[in-house]
Amino acid sequence: MATVLLLRHGRTTANASGGLAGRLPVELDDTGRDQAKRVGERLRELPLAAVVSSPLIRCRQTLELVLPGVAPQVDDGLIECGYGDWEGRPLAELAKDPLWPVVQQHPSAAVFPNGEAMAAMSARAVATIRRWDAFVTREHGPDALWLACSHGDVIKAIIADAMGLHLDQFQRLVADPASVSVIRYTPTRPFLVRLNDTSDLLSLVPPPASSASPSDAAVGGGAQAGV
């Protein structure tokens, strides 16, 4: 199966001010733009077969800086969780809400007022990634690399699923702004190749077919042996 790189957007004005952006049209700040440019230096040498994005402007701005001239496919399945009445409010204020400990400790039961259930967010995000991964594999082969740009909670939910974790454990994971996490799906199980990574990515490029290893690590990690 193909390998997906999950890119979180760069830092936004809401991240900087301690607010919960949700689906509001917040944009990258100067730090976020610098982060996107730096991650672009790491990604541009990769042979990406497809680039898919959340429809929110902070993801599209990130990709414009990461991969100039590349027009991503926009998929609503990668949009941020719908936080409903929580959107736009300071996190310090939300931490006093009775729903806060549920979100932190039992997110599978959390439903945001006039918003989305976290379990529903997880289900549609995982379904979207697996659908795209199957499509890229059919069109470009099992060694293909592709990129999906999304949001922190969405990416953490996808990673939790790949690791076989219950959604109630996904808050243990971290997906920083402009970080890359990498998953390779296989017919038997997914492999988490990288998590919250900010280092060099060239080792993800598949080796020549003649040098491919039949080991389990190669089946799971493909070109990522030694990562």
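Values for this structure:
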| read-out | value |
| --- | --- |
| Residue 109 being more than 24 Å from residue 60 (Cα to Cα), under 12 Å from the mean Cα position of the chain (by Cα) and of a type outside the set (Asp, Glu) | no |
| Contacts under 6 angstrom Cβ, first residue in the stretch 178-207 being at positive phi, partner among the β-branched types (Val, Ile, Thr) and not in a loop (DSSP other than H, G, I, E, B), 6 or more apart | 178/39 |
| Selection within the stretch 77-86 - over 25 Å from residue 5 (Cβ atoms) and buried (at least 20 other Cβ atoms within 10 Å of the Cβ) | 83, 86 |
| Index of the failed condition, residue 74 passing every other in (1) closer than 16 Å to residue 115 by Cα; (2) open to solvent by 40 Å² or more (accessible area, probe 1.4 Å); (3) β-branched (Val, Ile, Thr) | (1) |
| Restricting the stretch 103-121 to residues that are open to solvent by less than 20 Å² (accessible area, probe 1.4 Å) and not β-branched (Val, Ile, Thr), the residue that is nearest to residue 149 (Cα to Cα) | 121 |
| Members of the stretch 90-102 that are surrounded by 15 or more Cβ atoms within 10 Å (Cβ to Cβ) and in contact (Cβ under 8 Å) with a residue 40 or more places away in the chain | 94 |
| Boolean, residue 63 is at pLDDT below 95, within 29 Å of residue 1 (Cα to Cα) and surrounded by 17 or more Cβ atoms within 10 Å (Cβ to Cβ) | no |
| Options 154, 136: the member that is open to solvent by less than 10 Å² (accessible area, probe 1.4 Å) and either in contact with an Asp or Glu (Cβ under 7 Å, 6 or more places away or on another chain) or assigned to a loop (DSSP other than H, G, I, E, B) (or both) | 154 |
| Counted residues, the stretch 186-197 - those being outside any strand (DSSP E or B) and over 17 Å from residue 154 (Cβ atoms) | 4 |
| Which listed residue is crowded, with 23+ Cβ neighbours inside 10 Å and either under 20 Å from residue 180 (Cβ atoms) or at pLDDT 95 or above (or both), from 7, 48, 24 | 7 |
| Residue in the stretch 123-130 that is in contact with a strand residue (DSSP E or B) (Cβ under 7 Å, 6 or more places away or on another chain) and assigned to a helix (DSSP H, G or I) present | yes |
| Pick from the stretch 10-19, criterion under 18 Å from the mean Cα position of the chain (by Cα) and either of a type in the set (Lys, Arg) or open to solvent by 10 Å² or more (accessible area, probe 1.4 Å) (or both), ranking: nearest to residue 148 (Cα to Cα) | 11 |
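The values are calculated or read from the model by the stated rules, or taken from the named source; none is laboratory data. Note that the structure is a prediction, hence the values are computed from the model and not measured. Cβ coordinates were reconstructed from backbone atoms using ideal geometry, including for glycine residues, and neighbour counts include every protein chain displayed. All accessible areas refer to the heavy atoms of the entire protein, side chains included, with ligands and DNA or RNA removed. Shrake-Rupley method; radii C 1.70, N 1.55, O 1.52, S 1.80 Å.
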